[in-house]
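*Asks:* Below are the structure tokens for one structure; questions will follow.
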Amino acid sequence: MVAVSIIIPTYNEAENIDLLLERIFAVEDLQCLDYEVVFSDGASTDGTCKFVEKWLDNDRVKLVCSKENEGLSAAVMAGARAAAGEFAVVMDADLSHPPEMIPALVAPLISGACDMAIGSRYTTGGDTPEWPISRRISSKIATFPARMWTDVKDPLAGFIAVRRERLASMNRQVCGFKIGLELLATGEDDLRVKEIPIIFRDRCYGTSKMGVKVMIDYCRQLLMLAGVNIVPIPSGKLLPLLLTLLIMDCTILTMSLEGGVRPGLAHWLSFIPASSLGAAVLIYLHRKSLPDISARRRLEYLIGFFWVVFLVLLLRSGLVASLGSEQKILTTAGVFWVALFGLAAVYVGNVGYVFSIGQKRIRGPLVQRFYGLGVFLYLIFLRLVYLGSAPVLPEERYYQDLIAMWPLFGQAGTAIGHTAAVSSSVEGVFKLRGAIWLLWFLSTTCVFSLARLMFDRGTAFMCCLLFAVLPFFFGSGLFVSGDALLVFCWSCTLYILYRTLVNEVNRGWLWAGLALGFGMQVDLRMCALLVAVVVYLLMHTKDRQRFYAPMPYLALGVLLLTTLPSLLLDANSGQPIPQPERWLNSLLGEATVNSFVVIVLLLSPTGLVAGGYALLRWLQSRSAAGVSEVKDWDRGRKFVLMMFFLPLLIFLLPGLYASGPVDAGGVIWVVLLPTMALTIKKTVAAADTISRLLQAVWWPTIGLLMAFYGITLHLAVL
């Protein structure tokens with residue numbers, strides 16, 4: 001018989017012990033297992049141990065008592081070391097986890113189908129019926145940061161089943177109350193996880209242990225997984241050091257400005273010496289707190305520190321330009337806020353991403369995800385601080401003028417008119433760019449959702465990184481342009497179409513019609529996706545059967561209803577609206593935009609190679625492509641190829657679109673971003689030269705692009 005240990009950590013759960021054991025012993029499917037129930041008590045004060053001792057006559061019951069309460073995770077590990085089973089099930093003592101589901105959790109482990117099973121509240125079939133909406137929302141919010149370290153839907157579940165040796169071998173001190181999260185985050189690259197739906201109930205008796213201390217421990221656990229120590233040196237030395245650096249920065253910056261130095265140069269002259277002093281002192285004190293640190297690690301810290309300083313300097317340039325007056329003069333308050341911002345940004349960047357080197361418990365793809373998040377956030381803030389100071393492009397000025405003249409175009413229903421309608425509630429370039437900045441977030445959400453449908457959440461995170469860092473998508477999220485709306489409509493429509501065509505979600509047809517209809521009003525290039533949908537349906541016998549179903553025609557009706565009013569208004573309008581100079585023409589020049597060199601500039605050389613390699617993988621057979629992560633290979637393959645090649649051919653048709661080359665390097669690559677993201681992940685087997693090359697050059701490319709964007713914007717405003 002298979003030996004299973006049911007480990008139950010307790011702290012003041014006396015009233016629940018009898019009822020819990022009665023329900024466990026009543027589970028019929030457990031009788032075919034050689035199981036034991038191990039209570040691990042954390043110094044309860046309500047007599048919990050005495051209630052358990054009454055059951056010790058039963059050979060299946062064990063008790064481990066600790067002299068002090070060291071937390072739930074410590075109790076679980078103590079119970080695992082005292083247990084004897086091959087498999088271990090961890091559950092709460094308050095009956096919120098149904099004992100009747102223990103066999104369902106253990107079964108996939110016994111069969112070898114997975115390495116860890118989770119009783120999940122949030123997978124299909126799971127529920128929390130007794131929770132009010134407020135608690136459901138707060139639980140989702142609490143779960144959100146934990147999902148950075150795992151792809152499961154309920155990473156904070158306390159009802160788990162694993163091999164007992166995994167728990168017993170965790171000899172380090174685990175901070176926090178969720179040992180399941182620790183297992184997921186530290187072993188996910190080789191850990192097969194299955195979520196079993198459960199109905200989660202409120203506790204029967206006693207009071208909840210959830211409180212401020214538990215939440216603090218949870219936050220500490222998240223930080224410790226990433227190797228982040230918020231106070232890397234003694235606070236008695238840290239606070240005086242930070243205050244000294246702040247005063248030093250403010251003093252040198254003020255003296256430089258009073259001496260006639262331009263703000264763009266002055267804030268560099270003040271920040272570099274202050275940062276150099278901070279680097280020397282911090283690394284010295286950090287070395288004393290970690291005496292075993294190697295010379296190589298100290299060099300990594302030094303290089304990382306000044307890389308963060310350089311990136312923060314570029315951020316500060318945008319802030320200096322935004323806070324300065326029309327004469328580009330900083331006030332005293334502006335000097336203080338610039339210095340404080342720089343100090344805070346450097347501290348957060350180094351504590352989070354430099355001094356955490358070698359201290360992380362996460363590994364492999366999760367480390368990539370962690371650094372990818374840092375790049376993503378940096379590029380978001382880089383655009384934000386330059387929103388109000390970057391030079392105004394002709395296309396942006398055009399939209400400003402169009403908004404001001406909007407009442408004169410009341411009869412016009414063109415795509416430009418709709419763009420103005422969307423933006424008519426805001427005034428000025430800063431607000432317009434702010435709206436585009438927010439729209440870019442919506443586009444990112446669609447791209448993330450598309451990648452998650454095609455592959456998994458890990459790939460979706462890397463896909464968002466590419467969406468943030470590739471030049472075309474970075475620029476479309478900064479400047480007010482027709483491309484910004486086109487990227488959103490294109491991304492949203494692709495996500496809906498994938499659900500509809502590949503996942504066969506029938507109700508998605510109506511949303512597809514709405515998305516295509518609105519998108520065609522925004523930009524007629526969206527018609528290329530409509531053509532691709534028709535060709536997709538004609539390519540396979542099974543898909544052609546959909547022409548006999550009503551939903552595609554309902555979608556067509558929605559599309560016509562969405563576009564017909566605008567078409568009628570355009571036909572009756574006697575006032576043509578002139579087209580603006582495109583933002584890419586302003587930045588790159590007419591000759592560059594009309595040549596195919598622009599594709600390399602918009603995607604970067606690495607991005608273009610990754611895109612070509614992604615296409616090659618889709619053109620191959622599944623076994624040759626090595627894309628085992630795709631959930632529906634045949635349909636997914638046809639979808640990607642149709643949604644890329646047909647728009648590409650349409651855009652490049654002579655005389656149809658004047659901007660064919662630039663469109664060939666733009667929005668059509670959205671459908672390939674998820675596959676391109678696979679070339680960053682370390683989990684992809686680098687079996688050929690191209691994949692190995694891409695994995696080697698992606699991160700240097702990302703670093704160079706970050707520096708390029710910052711330097712370009714700095715030179716443009718200061």
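Every read-out reported here was derived from the displayed coordinates using simple, explicitly stated rules and does not represent laboratory data. These numbers were taken from a predicted model, which means no experiment stands behind them. A quick note on method: Cβ atoms are made from the backbone with ideal geometry, for glycine too, and the neighbour counts reach across all protein chains shown.
*Asks:* If you average the C-alpha positions of the stretch 465-544 and of the stretch 98-119 separately, how far apart do those two centres end up, in angstrom?
*Replies:* Each part's Cα centre sits 40 Å from the other's.
*Asks:* Mind giving me the nanometre distance, one decimal, between the label points for THR124 and THR332, set 7 Å out from Cα along Cα→Cβ?
*Replies:* My value for the distance between the label points is 6.5 nm.
*Asks:* Starting with the highest mean, order 456-465, 161-170 by the number of other Cβ atoms within 10 Å, averaged over the residues of each peptide.
*Replies:* Output ranking for 456-465, 161-170: 456-465, 161-170.
*Asks:* In nm, what is the difference between 0.36 nm times the number of residues separating LEU554 and LEU648 and their Cα-Cα distance?
*Replies:* Details: separation 94, 0.36 × 94 = 33.84 nm, distance 2.77 nm.
Additional length available on full extension: 31.1 nm.
*Asks:* Sketch the reach of a paramagnetic label on VAL281 as a point 7 Å from Cα along Cα-to-Cβ, and name the residues of the stretch 295-311 whose backbone nitrogen lies under 18 Å away.
*Replies:* Taking a point 7 Å out along Cα→Cβ of VAL281, the residues of the stretch 295-311 whose backbone N falls under 18 Å are 302, 305-306, 309.
*Asks:* Size of the dipole of the chain about the Cα centre, Lys and Arg at +1 and Asp and Glu at -1 on the beta carbon, nothing else charged, in debye to 20?
*Replies:* Taking the Cα centre of the chain as origin, the dipole is about 1180 debye.
*Asks:* Right, next: Nothing charged except the Cβ atoms of Lys and Arg (+1) and of Asp and Glu (-1): what's the magnitude of the dipole of the stretch 4-87 about its Cα centre? Round to the nearest 20 debye.
*Replies:* About 240 debye.
*Asks:* How much length is gained on full extension from ASP57 to GLU590, taking 0.36 nm per residue of separation minus their Cα-Cα distance? Don't skip to the answer; put the middle values down first.
*Replies:* Values: separation 533, 0.36 × 533 = 191.88 nm, distance 8.75 nm.
Separation in residues times 0.36 nm, less the Cα-Cα distance, equals 183.1 nm.
*Asks:* Using Cβ counts within 10 Å as a stand-in for footprinting exposure, how do TYR35, TYR386, TYR613, TYR371 rank, fewest first?
*Replies:* Ascending Cβ contact count within 10 Å gives the list TYR371, TYR613, TYR35, TYR386.
*Asks:* Helix-only mean residue ellipticity at 222 nm, the chain, DSSP H runs n ≥ 4 weighted -39,500 (n - 2.57), per residue, nearest 500. What is it?
*Replies:* Counting only the DSSP helices, I get -19500 deg cm²/dmol.
*Asks:* Between THR244 and ALA716, what length comes free when the chain is fully extended (0.36 nm per residue of separation minus the Cα-Cα distance, one decimal in nm)?
*Replies:* 166.7 nm
*Asks:* Please list, in chain and number order, the residues 5+ apart from VAL37 or on another chain whose amide H is under 5 Å from its amide H, with Hs placed from the backbone.
*Replies:* Distant-sequence amide H within range of VAL37: ILE6, VAL61, LYS62.
*Asks:* With unit charges on the beta carbon (Lys/Arg positive, Asp/Glu negative), name the residue among VAL335, PRO103, ILE24 whose Cα is farthest towards the positive pole of the charge dipole of the chain.
*Replies:* Result: VAL335.
*Asks:* Once phi is turned into ³J(HN,Hα) by the Karplus curve 6.51 cos²θ - 1.76 cosθ + 1.60 with θ = phi - 60°, what whole-Hz value does each residue of the stretch 118-130 show in order, with x for glycine and proline?
*Replies:* Each residue of the stretch 118-130 in turn: 10, x, 9, 7, 10, 7, 4, x, x, 6, 10, x, 8 Hz.
*Asks:* Hey, fewest Cβ within 10 Å first, where do HIS714, HIS267 land in order?
*Replies:* Lowest count first: HIS714, HIS267.
*Asks:* When averaged across all projection directions, what area in nm² does the alpha-carbon convex hull of the chain cover?
*Replies:* 37.0
*Asks:* Here's something else I'd like to know. How big is the dipole moment of the stretch 235-361 about its Cα centre under a simple scheme where the beta carbon of each Lys and Arg is +1, that of each Asp and Glu is -1, and everything else is neutral? Debye, nearest 20, please.
*Replies:* It works out to roughly 560 debye.
*Asks:* Order by neighbour count: ARG397, ARG316, fewest other Cβ atoms within 10 Å first, most last.
*Replies:* Ranked by crowding around the Cβ, least crowded first: ARG397, ARG316.
*Asks:* Now, a different point. Taking the inverse of the average 1/r across all pairs of different Cα atoms in the stretch 136-280, what Kirkwood radius in Å do you get?
*Replies:* The answer is 19.6 Å.
*Asks:* Right, next: Add +1 for every Lys or Arg and -1 for every Asp or Glu among the other residues with Cβ under 14 Å from the Cβ of VAL609, and state the total.
*Replies:* Taking every other residue near VAL609 into account, the sum is +1.
*Asks:* Next question, about the same structure. Any idea which of LEU438, HIS540, PHE381 is furthest toward the positive side of the dipole for the chain, if Lys and Arg beta-carbons carry +1 and Asp and Glu beta-carbons -1?
*Replies:* PHE381
*Asks:* Assuming R0 = 35 Å, what is the FRET efficiency of THR45 and PHE144, from their Cβ-Cβ distance, to the nearest 0.05?
*Replies:* Details: r = 34 Å, r/R0 = 0.98.
The computed FRET efficiency comes out at 0.55.
*Asks:* Assuming R0 = 35 Å, can you tell me the calculated FRET efficiency for the pair ASN69 and SER235, based on Cβ-Cβ distance, to the nearest 0.05?
*Replies:* For R0 = 35 Å, the calculated efficiency reads 0.85.
*Asks:* Please identify the DSSP H helices in the chain that span no less than 24 Å along the helix axis (Cα) and have a mean Kyte-Doolittle hydropathy of -1.0 or more.
*Replies:* In the chain, the long hydrophobic H runs are 235-258, 263-289, 295-323, 332-353, 365-385, 428-454, 551-572, 633-652, 689-717.
*Asks:* Can you give the direction-averaged projected area of the convex hull of the alpha-carbon atoms in the stretch 430-542, in nm²? Intermediate results must be reported in sequence, preceding the final value.
*Replies:* Details: hull surface 29.8 nm².
Computing the convex hull of the Cα atoms and averaging its projections yields 7.4 nm².
*Asks:* Something else about it: By average Cβ neighbour count within 10 Å, what is the ranking of 438-448, 150-160, 542-552 from highest down?
*Replies:* My ranking of the peptides, most packed first, is 150-160, 438-448, 542-552.
*Asks:* Given R₀ = 56 Å, what would the calculated FRET efficiency be for ARG81 paired with ALA295, taking r from the Cβ atoms and rounding to 0.05?
*Replies:* Computed FRET efficiency for ARG81 and ALA295: 0.90.
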